[in-house]
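Below is one structure, written out as structure tokens; comments come after it.
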Amino acid sequence: KELIAEAEAFKTQSKEEVEAFRIKYLGSKGLLKEFYGELKNVANEQKREFGQIINQLKNTAEDKVNALKEELENKEEVKGIYGDLSRPGEPIQIGARHPISIVKNQIIDIFSRIGFNVSEGPEIEDDWHNFTALNLPEYHPARDMQDTFFIQTNPDILLRTHTSSVQVRYMENNTPPIRTISPGRVFRNEAISARSHCFFHQVEGLYIDKDVSFADLKQTLQHFTTEMFGKSKIRLRPSYFPFTEPSAEIDVYWGLETETDYKITKGTGWLEIGGCGMVDPNVLENCKIDPTEYSGFAFGVGIDRIAMLLHQIGDIRLLSENDVRFLEQFKSAL
Ligand code: PHE
């Protein structure tokens with residue numbers, strides 16, 4: 001029992017002493033060997049207790065040796081790291097840009113080369129910038145509780161449902177000619193699935209000047225998809241938005257070959273990437289721009305959609321789950 005206490009109390013900084021300790025207790029001529037040898041000479045009724053005590057001693061000694069060895073090795077390692085200053089650095093894990101950022105930056109590059117600047121607006125918006133100024137009548141279904149996350153009602157404060165709110169802010173604070181794109185996150189109260197999420201990303205485009213025509217809009221979009229996807233076709237499908245007239249949905253057709261591509265596009269080669277149109281004169285007026293002097297176009301495209309198409313991502317939820325196994329696949333991208 002005394003030996004157990006002694007073994008427990010043992011301390012040292014030297015490897016040699018640990019080894020000497022090990023030999024003393026656990027070596028082939030050590031104390032334990034001796035005690036085990038002794039066992040047959042112990043009276044039968046004491047065998048059990050004696051056996052227990054030497055087992056305990058054995059465990060204590062073994063634990064001690066292991067603990068001391070580990071401690072000393074750790075110390076050596078630390079000394080190694082700080083001791084040799086010429087030692088090359090440990091490789092550092094470098095993160096990857098998020099696919100949304102990669103695509104957003106590409107879009108910004110493409111449009112800045114044709115004279116568009118970048119503007120931003122708040123994600124928490126008021127009713128005027130998200131709806132009223134955009135010619136959305138008070139009882140328009142898009143205002144419905146089912147689509148919009150309201151933070152407060154009366155006066156209404158909400159999470160913007162589209163980046164078109166930034167158009168309004170930009171026109172209120174700038175005079176034509178205007179050429180701006182506004183990337184950002186938008187929110188809609190939708191069921192989350194592989195194809196839709198309650199938040200996603202858009203880029204708004206706005207071009208206001210004298211004599212801007214629908215042909216300018218179409219060619220700008222064609223230029224964009226060619227730069228973005230390579231050889232591609234666009235199709236403008238007649239549609240309706242309260243803030244543009246005429247309005248269209250933008251579809252892009254791009255060399256779709258693999259099964260994944262078809263899954264994303266639900267089996268057709270055309271993928272809808274956003275909406276567009278000529279800015280409604282009412283919107284210009286709401287922003288104090290004279291519609292008899294100026295005209296312009298606007299568009300809004302979904303960044304998530306484009307990222308999924310370009311990088312063959314089959315589930316939109318991957319874009320916000322931040323699973324490193326997913327994210328680090330984008331290390332080689334810009
Ligand atoms: N704001 C529209 C949407 O989110 C897209 C759009 C933008 C349409 C600009 C026309 C002009 O669906």
If a residue has to be within 19 Å of Leu206 (Cβ to Cβ) and open to solvent by less than 10 Å² (accessible area, probe 1.4 Å) to count, how many in segment 94-109 make the cut?
1
When you scan segment 181-202, do you find a residue that is open to solvent by 50 Å² or more (accessible area, probe 1.4 Å), within 19 Å of Tyr294 (Cα to Cα) and within 14 Å of the ligand (Cβ to nearest atom), even just one?
no
On the basis of being away from the ligand (no atom under 11 Å from the Cβ), at pLDDT below 95, basic (Lys, Arg) and open to solvent by 50 Å² or more (accessible area, probe 1.4 Å), does Lys218 make the cut?
no
Enumeration of residues in segment 221-255 that are within 18 Å of Arg179 (Cα to Cα) and either within 10 Å of the ligand (Cβ to nearest atom) or in a loop (DSSP other than H, G, I, E, B) (or both)
Phe243, Thr244
For a quick check of your reading of the model, give me the residue pairs whose first member lies in segment 166-188 and is farther than 19 Å from Ala142 by Cα, whose second is in a helix (DSSP H, G or I) and of a type in the set (Ser, Thr, Tyr), with beta-carbon atoms closer than 6 Å and at least 6 apart or on different chains.
Thr180/Tyr170
State whether one or more residues within segment 62-70 are modelled with pLDDT under 85, surrounded by 10 or more Cβ atoms within 10 Å (Cβ to Cβ) and in a helix (DSSP H, G or I).
no
What pairs come up if the first residue lies in segment 208-229 and is under 15 Å from Ser112 (Cα atoms), the second is part of a helix (DSSP H, G or I) and at pLDDT below 95, and their beta carbons are under 7 Å apart, counting only those six or more places apart or on different chains?
Met228/Ile306
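Residues are listed down the side, and each one gets a yes or a no for (1) open to solvent by less than 40 Å² (accessible area, probe 1.4 Å); (2) within 16 Å of the ligand (Cβ to nearest atom); (3) under 11 Å from Ser182 (Cβ atoms):
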| residue | (1), (2), (3) |
| --- | --- |
| Gly115 | no, no, no |
| Ile124 | no, no, no |
| Trp128 | no, yes, no |
| Leu134 | yes, yes, no |
| Phe149 | no, yes, no |
| Asp156 | no, no, no |
| Arg169 | no, yes, yes |
Is segment 284-303 home to any residue that is farther than 27 Å from Phe241 by Cα, polar (S, T, N, Q) and either surrounded by fewer than 22 Cβ atoms within 10 Å (Cβ to Cβ) or in contact (Cβ under 8 Å) with a residue 40 or more places away in the chain (or both)?
no
When residues of segment 12-43 are limited to those that are in contact (Cβ under 8 Å) with a residue 40 or more places away in the chain and open to solvent by 40 Å² or more (accessible area, probe 1.4 Å), the one nearest to Glu62 (Cα to Cα):
Arg22
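The values are calculated or read from the model by the stated rules, or taken from the named source; none is laboratory data. Please read these numbers as outputs of a predicted model, since none were measured by experiment. As a convention, Cβ positions derive from the backbone with ideal geometry for all residues, glycine included, and neighbour counts pool all protein chains shown. What goes into the accessible areas is simple: the full protein's heavy atoms, side chains included, and nothing from ligands, DNA or RNA. Shrake-Rupley method; radii C 1.70, N 1.55, O 1.52, S 1.80 Å.
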